[in-house]
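Structure record follows, encoded as structure tokens.
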Amino acid sequence: AALAARYNVDGQFIKAWNEKDFAGWAIIDCMLNIPLLYWAEKETNNVAFRQIADHHAEKTMAHHIRPDGSVYHVVEYDTHTGEVLGYPWTQGYDGEHSSWARGQGWAIYGFVLCYLYTGNQAYLDTAKKVAHYFIANVCSTGYVPLHDFRAPEEPVYIDTSSGAIAACGLIEIAKVVPEFEKKMYIQAAINIMKALTEEHCDWGEEEQSILQNSTAFYGKDVHRSFIYGEYYYVEAMYKLKGFDVLFW
């Protein structure tokens, strides 16, 4: 109910934050929240939860995903009409032109989850489109994502959490695509997880976390450990070990 309460009926999107100044802001991260609404519809038989989830997913599909599969982190909408007003800066290099890698991961995983709950082919196609862009970019960096795929070449900031999140989504895509497509997605997930494990994990008892070198903001909170990186790393590893559990 708390998530549904953030839904803007006129604009047909879920706002990111409750503060008045951000009333029209929607973030790609919310794609990992809306599976809760699909679950709520099943538990309560209240179709309104599903409708809100679908409206937000469709709005995101239309305005957050660029033609090449890259993703806007934030889209600001007119709260009365739903018209796009702009692309504010938050966590990538800039707002309008950035390709913030963790946002790509949220989109990959979020849209394939929407497909699993609804069977809507457009959601799966969107997940695949973003996945292709993500895979193409990490191929050139040893399967460890840059923090922003469109940032200047220097300084170099990586974000391991982006790789872990994307790997979770890639594994789920591999489960639902035709047999001849599966290898591309599952192998990409394996390559990402292998690179993270071999190059960016610390298994020492003195460390509080395993996965290292996640980055929160461009130039701020760089190459640290974050709970979301740790969580999705473990989830992806769990899936690759053969456990078929959908946590979301």
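A few points about this structure:
- Selection from region 74-84 of residues that are open to solvent by less than 10 Å² (accessible area, probe 1.4 Å) and in a strand (DSSP E or B): Val74, Val75, Tyr77
- Enumeration of residues in region 150-170 that are crowded, with 24+ Cβ neighbours inside 10 Å and either touching a strand residue (DSSP E or B) at 6+ places or on another chain (Cβ under 7 Å) or in a loop (DSSP other than H, G, I, E, B) (or both): Asp159, Thr160, Ser161, Ala164
- Residue count for region 223-248, restricted to those that are over 20 Å from Val112 (Cα atoms), touching a strand residue (DSSP E or B) at 6+ places or on another chain (Cβ under 9 Å) and of a type outside the set (Ser, Thr, Tyr): 4.
Per-residue answers, yes or no, for (1) open to solvent by 10 Å² or more (accessible area, probe 1.4 Å); (2) closer than 26 Å to Thr160 by Cβ; (3) out of contact with any Leu (no Cβ under 7 Å at 6 or more places or on another chain):
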site: Pro35; (1), (2), (3): no, yes, no
site: Ala40; (1), (2), (3): yes, no, yes
site: Thr44; (1), (2), (3): yes, no, yes
site: His55; (1), (2), (3): yes, no, yes
site: Glu58; (1), (2), (3): yes, no, yes
site: Ala62; (1), (2), (3): yes, no, yes
site: Tyr72; (1), (2), (3): yes, yes, yes
site: Asp94; (1), (2), (3): yes, yes, yes
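- Selection status of Ile210, β-branched (Val, Ile, Thr), in contact (Cβ under 8 Å) with a residue 12 or more places away in the chain, more than 19 Å from Lys128 (Cα to Cα) and open to solvent by less than 50 Å² (accessible area, probe 1.4 Å): yes
A quick yes/no check of all residues on (1) outside any helix (DSSP H, G or I); (2) charged (D, E, K, R):
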site: His97; (1), (2): yes, no
site: Gly105; (1), (2): no, no
site: Ile108; (1), (2): no, no
site: Cys114; (1), (2): no, no
site: Tyr123; (1), (2): no, no
site: Lys128; (1), (2): no, yes
site: Val138; (1), (2): no, no
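- When region 96-134 is filtered for residues that are in contact with a Lys or Arg (Cβ under 9 Å, 6 or more places away or on another chain), at pLDDT 95 or above, open to solvent by 10 Å² or more (accessible area, probe 1.4 Å) and within 26 Å of Glu76 (Cβ to Cβ), only Tyr133 remains.
- The residue pairs whose first member lies in region 49-65 and is closer than 16 Å to Leu113 by Cα, whose second member is of a type in the set (Asp, Glu) and assigned to a helix (DSSP H, G or I), and whose beta carbons are closer than 6 Å, counting only pairs six or more residues apart or on different chains, are Phe49/Glu41; Arg50/Glu41.
- Contact map, region 145-162: residues that are closer than 19 Å to Ser209 by Cα paired with residues that are surrounded by 23 or more Cβ atoms within 10 Å (Cβ to Cβ) and of a type in the set (Lys, Arg), Cβ distance under 8 Å, separation 6+ or inter-chain. Pairs shown: Asp159/Arg102; Ser161/Arg102; Ser162/Arg102.
- Of the residues screened, Tyr143 is one that is among the aromatic types (Phe, Trp, Tyr), within 25 Å of Lys194 (Cβ to Cβ) and either in a strand (DSSP E or B) or open to solvent by 50 Å² or more (accessible area, probe 1.4 Å) (or both).
- Residues that are under 17 Å from Gly169 (Cβ atoms) and outside any helix (DSSP H, G or I), drawn from region 215-240: none
- Within region 23-61, the set of residues being hydrophobic (A, V, I, L, M, F, W, C), touching a strand residue (DSSP E or B) at 6+ places or on another chain (Cβ under 8 Å) and over 13 Å from Arg6 (Cα atoms) comprises just one member, Ile28.
The values are calculated or read from the model by the stated rules, or taken from the named source; none is laboratory data. For clarity, every value in this text was computed on a predicted model and none was experimentally measured. Glycine gets a Cβ as well: all are built from the backbone with ideal geometry, and neighbour counts include every protein chain shown. The accessibility values were calculated without ligands, DNA or RNA, using every heavy atom of the protein model including side chains. Shrake-Rupley method; radii C 1.70, N 1.55, O 1.52, S 1.80 Å.
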